[in-house]
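Before any comments, here is the structure.
The values are calculated or read from the model by the stated rules, or taken from the named source; none is laboratory data. As the structure is a computational prediction, the values presented were derived from the model and not from experiment. Here the Cβ positions follow ideal geometry from the backbone for every residue, glycine too, while neighbour counts run over all protein chains shown. Areas reflect the complete protein model, heavy atoms only, side chains present, ligands, DNA and RNA absent. Shrake-Rupley method; radii C 1.70, N 1.55, O 1.52, S 1.80 Å.
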Amino acid sequence: MAAKKIITVIGATGRQGGGLVRAVLADPEQEFAVRAVTRHLDGEAAEELKRLGVTDIVEADMDDPPSLAPAFEHAYGAFLVTPFWEHMSASHEKEQALALARAASHAGVQHAIWSTLEDTRACIPLDDDRMPTLQEHYKVPHFDGKAEADRYFAEEGVPTTFLRATFYWENLLDTFAPQRAEDGTLQLTFPMGDHRLSGIAAADIGRTALAVLKRGTDLIAATVSIAGEHLTLSDMAAALGEACGEPVLYRPLTPDAFRAQGFPGADEAGNMFQFYADCEERFVAARDLTAVRHLNPALQTFATWLAEHRDDVRAAWS
């Protein structure tokens with residue numbers, strides 16, 4: 001039997017990387033073996049990887065580029081993702097992406113998947129005052145910084161598929177969970193108006209990434225944009241209420257009102273949602289659900305994701 005191809009998974013303890021880890025472990029063909037990368041070998045998240053059956057776990061940190069070399073040694077492929085929300089700096093994220101590109105290049109990785117996003121400035125230029133410019137150079141830094149980092153993979157000669165995901169529904173379990181208003185009602189508060197939000201289950205990011213790897217060289221240099229469903233926030237609120245047995249109201253805010261809430265990252269998130277809304281047609285059009293389902297036939301709709309996570313959603317509200 002041929003040896004399994006090693007896939008180095010950066011962010012293996014996170015939602016995207018963790019989705020790929022689970023997809024590889026569940027794959028009946030067992031073509032690939034996971035090498036999970038974590039910054040903390042003794043952490044609870046690493047222990048969970050062991051419980052799942054991951055035997056190859058490596059400690060490395062993209063902020064310490066030399067530490068990455070063992071993580072990529074002898075790897076066939078790699079899944080690469082950067083943790084913007086830990087530091088919320090586009091320039092820092094670009095440095096991390098460059099470190100990953102160089103490590104993959106030096107190791108001779110044959111197929112990397114880089115988790116990236118659109119450059120929002122193609123739709124909303126810097127001189128467009130619909131939304132504030134952030135960090136001097138960006139409209140939505142965690143989009144635009146990744147988009148700028150795309151070139152590192154070409155410059156370093158890494159055979160790369162550029163995987164563009166979107167808002168994942170797991171955000172509804174924590175950061176963007178419905179909140180109780182003073183009158184006790186549950187409210188979903190987003191600055192989206194009647195526009196559709198493209199969403200996806202984190203597990204489907206992993207499953208689709210696995211499908212990309214299984215295609216071999218077919219999708220190298222390609223951009224693959226994915227989503228599970230495109231829904232208005234009113235429809236999402238109704239589905240949340242129906243699944244969990246308690247009405248959820250959608251409370252639309254203006255982008256300025258959302259940014260004015262002042263929580264850490266409010267400007268970033270407000271700009272992100274405004275981009276989703278103002279650039280809805282091009283963002284949704286790039287995510288052809290039929291094409292995504294061709295790669296990942298198990299692609300979940302919001303309703304199927306809710307059915308699986310009903311208890312988690314209720315716990316987030318309690």
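Each Lys or Arg adds one and each Asp or Glu subtracts one; over the other residues with Cβ under 15 Å from the Cβ of D63, this totals -3.
Phi angles of the stretch 279-287 translate, via the Karplus equation with coefficients 6.51, -1.76, 1.60 and θ = phi - 60°, into HN-Hα couplings of 10, 3, 4, 6, 5, 5, 4, 5, 10 Hz per residue; Gly and Pro are given as x.
Of the accessible area of the stretch 207-310, with the probe set at 1.4 angstrom, what percent is carbon plus sulfur?
Details: 2440 of 4590 Å².
Roughly 53 percent of what the probe reaches on the stretch 207-310 is carbon or sulfur.
Charges only on Cβ, +1 for Lys and Arg, -1 for Asp and Glu: so what's the dipole of the stretch 83-142 about the Cα centre, in debye to the nearest 20?
Details: 5 positive and 9 negative charges, 46 e Å.
Rounded to the nearest 20 debye, it is 220 debye.
Close amide H partners of Y250, meaning residues 5 or more places away or on another chain with modelled amide H under 5 Å apart, are L188.
The heavy atoms of H87 offer some 50 square angstrom of accessible surface to a 1.4 angstrom probe. When each of the peptides 309-315, 146-152 is scored by the mean number of other C-beta atoms lying within 10 Å of its residues, the order from highest to lowest reads 146-152, 309-315.
Quick check: net charge around F258, other residues with Cβ under 12 Å of its Cβ, Lys/Arg +1 and Asp/Glu -1? Kindly include the intermediate steps, with their values, before the conclusion.
On the way: positive: R251, R259; negative: D256, D267, E268.
For residues surrounding F258, the net value is -1.
Within the accessible area of the stretch 166-205, the carbon and sulfur atoms contribute 44%, probe 1.4 Å, all protein chains present. At an R0 of 51 angstrom, the distance between the Cβ atoms of K50 and L126 translates into a FRET efficiency of 0.65. Under the simplified labelling scheme, the D288-D64 pair shows an inter-label distance of 4.5 nm, with each label point 7 Å from Cα along Cα→Cβ. Taking one equal scatterer on every alpha-carbon of the chain, how large is log10 of I(q)/I(0) by Debye at q = 0.13 1/Å? Scattering profile of the chain, log10 relative to I(0): -0.98.
Taking Cα centre as origin and charging only the Cβ of basic (Lys, Arg, +1) and acidic (Asp, Glu, -1) residues, the dipole magnitude of the chain rounds to 840 debye. Of all lysines in the structure, the ones whose alpha carbon falls short of 30 Å from that of K146, not counting any fewer than 8 places away in one chain, are K5, K94, K214.
Taking K and R as +1 and D and E as -1, what net charge do the other residues with C-beta under 14 Å from the C-beta of Q179 add up to? Mind showing how you got there, number by number?
Numbers: positive: R180, R251; negative: D174, E182, D183, E246.
Net charge in that neighbourhood comes out at -2.
Backbone phi angles across the stretch 41-52, fed through the Karplus curve with coefficients 6.51, -1.76 and 1.60 (θ = phi - 60°), yield HN-Hα couplings of 5, 9, x, 5, 5, 5, 4, 5, 4, 5, 5, 6 Hz in residue order; Gly and Pro are listed as x.
Heavy atoms of the protein chains alone define the surface here; on that basis the stretch 1-44 has 50 Å² accessible area per residue at 1.4 Å probe size. Inter-part distance, the stretch 298-314 to the stretch 71-97, computed on C-alpha centroids, equals 28 Å.
Listed by chain and number, the aspartates and glutamates whose C-alpha is less than 14 Å from the C-alpha of K50, apart from same-chain residues fewer than 8 away, are D42, E59.
Return the calculated 222 nm mean residue ellipticity for the chain, to the nearest 500 deg cm²/dmol, obtained by summing -39500 (n - 2.57) across DSSP H runs with n ≥ 4 and dividing by the residue count. Can you show the working numbers first?
Working: 13 runs with 134 residues, N = 318.
So the calculated ellipticity at 222 nm is -12500 deg cm²/dmol.
The mean accessible area for residues of the stretch 84-206, using a 1.4 Å probe and ignoring ligands and nucleic acids, is 39 Å² per residue.
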